[in-house]
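Q: One structure follows; several queries about it will come next.
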Amino acid sequence: MRNSFRAGALVALALVAAPALSASLNERLAPCLACHGEKGTSVMPEVPSLGGQPAPYMLVQLFAFREKQRLADPMNDLAQELTNDDLMVISEALAKLPPPVVSGKGADAAKIEKGRVAAQKHRCGFCHNPDMSGHDQIGRIAGQREDYLLKALREYKSGKRAGFDPAMLEVVRDMSDEDFVNVAHLLAHWN
Amino acid sequence: MPLYLTNPAPGQIGGCQNNPSVVPSGKPGEDGMSSIRKCAVFVCAALWTSTVLGQQTPVGGPPQNQAATKLGPIVGSPIPVSADKLPVAKLKVPAGFKVEVYASGVANARSLAVSDKGTVFVGSRLVGAVHAIRIKDGKTEVKPLVSGLQRPNGVAFHKGTLYIAEISRISRIDNVEDKLGTAPKPTVINEQFPKDEQHGWKFIGIGPDEKLYVPVGAPGNVLVPDYKTHAHIRRMNLDGSGMEIIAEGQRNSVGFDWNPVTKEMYFTDNGRDWVSEDGPEDELNRVRANGKKHFGFPYCHQGNFRDPEFGWGMNCADYEPPVALLGGHGASLGMRFYTGSMFPAEYKDAAFIVRHGSWNRTNKIGGDILLAKFNPDGTVKSLEPFLTGFLQDNTYVGRPVDVAQLADGSLLLSDDFNGAVYRISYAK
């Protein structure tokens, strides 16, 4: 999988880093969406869906990739050449993608219920909105890929991802890995 | 309730913790404060207690209703807003004062330090850079001085040297003004600090004793910290040696200064989250030579409110009480005493206290500067709003962080939400 990222990243890098004045925004976004999903829903393992993400959230994450405050292949390389204006234009454009499509496949009712209890206890909805749609710099987590959610939560816990704001570090402090598994399952099957 | 402020912004709910209040300097109830004031303080404490007890959720949980949504921390953009979009026209100050843009393009402007020659150094929390602002031939020049640092929130200037505080280390750049534009490498003088991100960004300042003061926050909202490593204020020599703890039981102080009359250190401290909409309130504290050295966290908040979780069996009288309460969740950050001569005489030796603005309440408060006036014994005489307007219809148009005085007596104010520094001046 790493390799597929790298191959994809090389192509993307070539396209994104050469912002010929004539290149339309859609052309520049095409390589991004080849990984992230053209209609806002990602089908690639551990690549997040970007549909429905608030623009300010994507802006701060792209900024953090560029400044190497958030370390993640292949985004650090991809963000390297983006100017501040690029970050604003790209995040505004991506924010227009429709929210990810949730499939009911593989939903485990018991896990979802446990996830709901954990989400309630740890107040996810108070920051991410009751419908988990996110706002401002707080990302959308409803309908996100399960594998990516799990990766993100584990990275907050291990300290690999500090976050633009440390709010998530406080949230995961008292959560177990089982909580992560259940909450990720709940959010991935959100409806 | 004479000592409460009039609501600084429209749209706020009624109730006591909306506004800062003055509290006695000694033990509550023992210094002859007016019964009105006493009542106000305790009524509020009682209100929270009942809120907490009335909840179905575990103590400290937020209310289970729609109103409690949108509580998340909003940090603004890492990209500064252009000068023409800054909210200066919305800012309100007393008659005779004027607010103007001093510098735009100062990404995520946090703590301020002014050199003798007038160079302004600005720390940041989110963009890893310390910026330098200079006025050259009448033109404002904003340049990054150093970048790639880990949350360099704290800056202090003393005798030609700039001190910078990152999350877990303090460094210095000597003769810094000769090195502007050369990307100087800061020399680390002390890295004996915890690496926690939470409350890890630091304010720093140099005291009248020529020592560098550095607070270490509690590594989370509410917990019993190891006071040897966290939740305290340290000081050290200017070369990083001789570090010692001078006060403990502070949760997260991001601003302090020394009273020019009494020479005592005063610091702001941010109250815990998730107890209630209204509080506990942020504190203005004073480090007294003969005072208690523990300020109460996490057992006793705001001098009279025992933590619903950790306060059982604890006695608030065992801890140094605050000298003023600054509102619930308002995020009181930078504070400086005014020693200049531009402002009217009543401002002399008063303190400006900046409230960044709340996130852990639905009806936001803060986004303003408060003015605290003091009695000769160092207790607080009055507290009132000085600058308001960053909060409009429960939405931030800016988030003020720190104030600093220029040589001419005017006051600079940083705004990390817009990446700007404003100047407040006075003319009759």
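Q: Filter the GluC sites (Glu not before Pro) in segment A:47-124 down to the DSSP loop ones having no more than 14 other Cβ atoms within 10 Å, then list what survives.
A: Qualifying residues, ordered by number: A:81.
Q: Mind grabbing the accessible area of residue B:377 for me, 1.4 Å probe, Å², rounded to tens?
A: 90
Q: If you take the Cα Rg of chain A and divide it by 2.2 N^0.38 Å, with N the number of residues, what do you get? Provide the component values of the computation, followed by the final result.
A: Details: Rg = 16.5 Å, N = 191, 2.2 N^0.38 = 16.2 Å.
In units of the globular-protein estimate, chain A measures up at 1.02.
Q: A plus B alone minus the pair: what accessible area, both sides summed, probe 1.4 Å, in Å² to 100?
A: Summing both sides, the interface buries roughly 2400 Å².
Q: Given a cut-off of under 8 Å on Cα pairs at least six residues apart, what relative contact order in percent is computed for segment B:80-426?
A: Value for segment B:80-426: 16 percent.
Q: In Å and on Cα atoms, what radius of gyration and Dmax does segment B:258-366 show?
A: 15.2, 50
Q: Another one. Could you tell me the extents of segment B:196-309's C-alpha atoms along the three principal axes, largest first, rounded to whole Å?
A: Sorted from largest, the Cα extents of segment B:196-309 read 41, 32, 21 Å.
Q: Does segment B:167-230 classify as rounded, prolate or oblate by the C-alpha gyration tensor (a ≥ b ≥ c root eigenvalues; a/c under 1.5 gives rounded; else a/b over b/c gives prolate, otherwise oblate)?
A: Values: a/c = 2.88, a/b = 1.96, b/c = 1.47.
Since a/c reaches 1.5 and a/b is larger than b/c, the shape of segment B:167-230 is classed as prolate.
Q: Calculate what fraction, in whole %, of the accessible area of segment B:179-222 sits on carbon and sulfur atoms when a 1.4 Å probe is rolled over the protein chains.
A: Accessible surface attributable to carbon and sulfur in segment B:179-222 totals 49 percent.
Q: With a 1.4 Å probe and all protein chains in place, put B:187, A:41 in order of accessible area, largest first.
A: Details: B:187 85, A:41 45 Å².
Largest accessible area first, the residues go B:187, A:41.
Q: Dividing the Cα radius of gyration by the Kirkwood radius, what Rg/Rh value follows for segment A:109-188?
A: Checking Rg against Rh, the ratio lands at 0.92.
Q: Expressed as a rounded percentage, what relative contact order does chain A have, with Cα pairs under 8 Å and six or more residues apart?
A: 23
Q: While we're here: Residues of segment A:160-191 with the amide nitrogen closer than 19 Å to a label point 7 Å from the Cα of residue A:109, along Cα-to-Cβ, please.
A: A:182-183, A:185-191
Q: Then there's this: Along its principal axes, what span do the Cα atoms of segment B:382-428 show, with the longest given first and each in whole Å?
A: Ordered largest first, segment B:382-428 gives principal extents of 34, 28, 20 Å.
Q: Which of the peptides B:253-260, B:198-205 is most tightly packed, and how do the rest follow, judged by the mean count of other Cβ atoms within 10 Å per residue?
A: B:198-205, B:253-260
Q: Also, quick follow-up: Within segment A:20-111, which trypsin sites (Lys or Arg not before Pro) sit in a loop by DSSP and count at most 16 neighbouring Cβ atoms inside 10 Å?
A: Qualifying residues, ordered by number: A:39, A:68, A:96, A:105.
Q: Quick one: putting +1 on the C-beta of Lys and Arg, -1 on the C-beta of Asp and Glu, what dipole do you get for segment B:80-426 around its Cα centre, in Debye to the nearest 20?
A: Charge dipole, segment B:80-426, about its Cα centre: 580 debye, nearest 20.
Q: Dipole of segment A:84-168, Cα-centred, from +1 at each Lys and Arg C-beta and -1 at each Asp and Glu C-beta, to the nearest 20 debye?
A: Using Cβ point charges on Lys, Arg, Asp and Glu, segment A:84-168 gives about 540 debye.
Q: Run the simple label-point estimate for residue B:88 and residue A:80 please: 7 Å along Cα→C-beta, distance reported in nm.
A: Taking the two extended label points, one gets 4.0 nm.
Q: Carbon and sulfur atoms: what percent of the 1.4 Å accessible area of segment A:76-191 do they account for?
A: So the carbon and sulfur contribution to the accessible surface is 54 percent.
Q: In Å², what does the accessible area per residue of segment A:109-188 work out to with a 1.4 Å probe? It would help to have the intermediate numbers written out before the result.
A: Working: 3280 Å² over 80 residues.
Counting only protein heavy atoms, the per-residue value for segment A:109-188 is 41 Å².
Q: Order the peptides B:82-88, B:213-219, B:378-384 from the highest to the lowest mean number of other Cβ atoms within 10 Å of their residues.
A: The most tightly packed comes first, giving B:213-219, B:378-384, B:82-88.
Q: Separate question: Using R₀ = 51 Å, calculate the FRET efficiency as 1/(1 + (r/R₀)^6) where r is the Cβ-Cβ separation of residue B:263 and residue B:141; round to 0.05. Spell out each step's value before the answer.
A: Numbers: r = 36 Å, r/R0 = 0.70.
FRET efficiency, residue B:263 to residue B:141: 0.90.
Q: Now, a different point. Can you bin segment B:307-428 into rounded, prolate or oblate? Criterion: square roots of the alpha carbon gyration tensor eigenvalues sorted a ≥ b ≥ c, rounded for a/c under 1.5, prolate for a/b above b/c, oblate for the rest.
A: oblate
Q: Could you do me a favour and compute the accessible area per residue for segment B:305-428, 1.4 Å probe, result in Å²? Intermediate values should be presented prior to the final figure.
A: Working: 3740 Å² over 124 residues.
I get 30 Å² per residue for this part.
Q: Could I ask something else about it? If you consider only alpha-carbon coordinates, what radius of gyration and Dmax does segment B:80-426 have, in Å?
A: Calculated on Cα positions, Rg and Dmax stand at 18.8, 63 Å.
Q: For segment A:112-180 and segment B:200-218, write down the distance between their C-alpha centroids in whole Å.
A: Measuring centre to centre over Cα atoms gives 33 Å.
Q: Accessible area drop of at least 10 Å² (1.4 Å probe, protein heavy atoms): which residues of segment B:118-142 qualify, relative to the chain alone?
A: B:125, B:126, B:127
Q: In whole percent, what relative contact order does segment B:310-428 give with Cα contacts below 8 Å and a gap of six or more residues?
A: 21
Q: For segment A:78-93 and segment B:225-278, what is the separation of their Cα centres, given in Å?
A: What the calculation gives is 39 Å, centre to centre.
Q: If R0 is 22 Å, what FRET efficiency do you get for residue A:117 and residue B:309 from their C-beta distance, rounded to 0.05?
A: Plugging the Cβ-Cβ distance into 1/(1 + (r/R0)^6) gives 0.60.
Q: Compute the distance from the alpha-carbon center of segment B:342-416 to that of segment B:289-314, in whole Å.
A: 26
Q: Given a 1.4 Å probe, show me the residues in segment A:115-133 buried by at least 40 Å² of accessible surface when comparing the whole protein assembly to the chain alone.
A: A:123, A:126, A:127, A:130
Q: From other protein chains only, count the Cβ atoms within 10 Å of every residue's Cβ in A:164-173, then give the mean.
A: Whole-number average of other-chain Cβ neighbours for A:164-173 is 5.
The values are calculated or read from the model by the stated rules, or taken from the named source; none is laboratory data. This is a predicted model, so every value here is computed, not measured. Glycine also receives a Cβ, built like all others from the backbone with ideal geometry; neighbour counts cover every protein chain displayed. Protein only, heavy atoms only, side chains kept; ligands, DNA and RNA dropped before computing areas. Shrake-Rupley method; radii C 1.70, N 1.55, O 1.52, S 1.80 Å.
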